[in-house]
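These notes concern the structure reproduced below.
Every number in this text was worked out from the coordinates using simple rules, so none of it is lab data. Just so you know, these numbers come straight off a predicted model, no measurement behind them. As a convention, Cβ positions derive from the backbone with ideal geometry for all residues, glycine included, and neighbour counts pool all protein chains shown.
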Amino acid sequence: LSFLDVADFIVDAHLGGGVLLNALLFYVVRRFSRSSVGTYKNLLATFAAYDVFLSLLHLALQPAAVITGTTFGVVTDTKYEDRKLTSIYCACFTVPFALMNIHFIYRFWSVRSPHLIALFSSPKFVALISMWPIAEFVVWYLLCFYALTGDVDEVGTRILRDEYARRYGKVLNDGWIVMNYWEHGFSPRLFSAMLAFDVIIFASFTGAISLGILTFYHIRKSEKISTQAHALQRTLFIAVCAQTFVPLVFVYVPYYCVINFAFFNIPFTFVDDAWMRMTACFPAWDAVIIIMLIRDYRDGLLSMFRKKKAVSMKETTWRTVSTVV
C-alpha cells in the first residue's frame, strides 16, 4: 500500500465517522440538553446536521485539488464532470465559517446581553441570521464559478488535467475550476478573486477571535450569575473555542494555502493532496470535541449504551433461567 492509499483509507474512515458521530451528536443534543442550555442546542444541532451533509457531500463528489507551478485547480470526480458541482462543493465548506461566528454571537450575548438571547427563538430573527451563511455560500460559489476559469480547452485546465491523470491514473476532462495566475502575465481578475477569498477567510476568523475575546472577558468579569451558570458558560465557551480550532486547522488553513501558494509559486507539493483530505476529516472531529467537552452529552451517549447492555444482560439471564426451569 502506498502512503496515499493509507491516507485515503483514513479519510474514508473519517467520512463514515463524520456521518455516524454527528448523527449521534444531533440525537444527544436534542435528547439530553438541559433547559439551561436554551436555544443554543438548536445551533449545536444545526452544526451537527450540516456536518453530516458535508461528509455525505464529500463522499458523493470525490473532490481533488491540484497545484502545479502557478496553476491551481479543484475538480470533482462524478459522471457529470460539471464545474457547478465543484463550485458548490467549495462553497459548502465555507458555511461553517459563518455558523462558527453565529455560535460566538450567541455565547457573547448570553454573558453580555442575556435579554437578546430571546431573539434566537424568533422565527424572523432566525430567518434573518440564516442569511449570513447563505450569503457566504452564494458569494463563494459565484467567485468560483464566474471569477475563476476552467473551460475544457484552456491551458490551465490541460495542465491540471494532465497532472491529475499522472497522479491518479484517471482523466477528468471537465468540471475544473482553475486559477492559472500567471498564464498571460499578471491577471487582475484572478488576483481580485484571490483577495476576495482571503478577505472572507480573515474576516470570519477575525470576527470569531474578537467575539471570543469579548466573551471570555465578560465571563471573567461577570458577578451577576450563579456559580453553576458561570461553570456552564465557561464549559460552552471552551467547547465553541475548541470547535473553532477544528475548522481553523482542517478548513481555514488548507483553503488559504491552496488559494495563495500557487500565486506566489510556493513549491509545497503536498499541500494540494493534503487539503481535500483535511477538509474531509473536519466533520468527525467537530462532533468528537462537542461530545467529549460537554458532560451532559457525553454521559447521555454513554447511558444509551449502558441501557442496551443492561437490557442484553436481562435477556441473557431470563433465557438462562428459562432453560433451567
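Applying 1/(1 + (r/R0)^6) with r as the Cβ-Cβ distance of A196 and L128 and R0 = 22 angstrom yields a FRET efficiency of 0.40. The Cα center of region 149-207 and the Cα center of region 1-74 differ in position by 24 Å.
For Y181, the residues 5 or more places off, or on other chains, whose built amide H falls under 5 Å of its own are F72. Quick check on region 155-206: take the gyration tensor over C-alpha atoms, sort the square-rooted eigenvalues as a ≥ b ≥ c, and tell me if it's rounded (a/c under 1.5), prolate or oblate. Oblate is the answer for region 155-206, as a/c is 1.5 or above yet b/c matches or exceeds a/b. Here's the picture: a label point sits 7 Å out from the Cα of R306 along the beta-carbon direction, and within region 25-49 the residues with their amide nitrogen under 18 Å of it are 28-29, 31-34.
At an R0 of 45 angstrom, the distance between the Cβ atoms of M292 and S2 translates into a FRET efficiency of 0.85. Placing +1 on the Cβ of every Lys and Arg and -1 on the Cβ of every Asp and Glu, with nothing else charged, gives the chain a dipole about its Cα centre of roughly 2000 debye. Projected label points at A231 and L59, each 7 Å from Cα along the beta carbon direction, are separated by 3.9 nanometres. Between L214 and D299, what FRET efficiency follows from the Cβ-Cβ distance if R0 is 35 Å, with the result rounded to 0.05? The value I calculate is 0.70.
Computing Cα Rg over 2.2 N^0.38 Å directly from the structure and comparing it against [x] 1.03; [y] 1.75; [z] 1.16 singles out [z]. Dividing the mean sequence gap of close Cα pairs (under 8 Å, 6+ apart) by how many residues the chain holds gives a relative contact order of 27 percent. Of the residues P123, P96, V138, the one whose Cα sits farthest towards the positive end of the charge dipole of the chain is P123 (charges of +1 on Lys and Arg Cβ, -1 on Asp and Glu Cβ, taken about the Cα centre).
Rounded to the nearest 5, what % of DSSP beta bridges with both residues in the chain are antiparallel? Taking every DSSP beta bridge with both residues in the chain, the antiparallel ones total about 90 percent.
So what's the gap between the Cα centers of region 284-302 and region 225-240, to the nearest angstrom? What the calculation gives is 16 Å, centre to centre.
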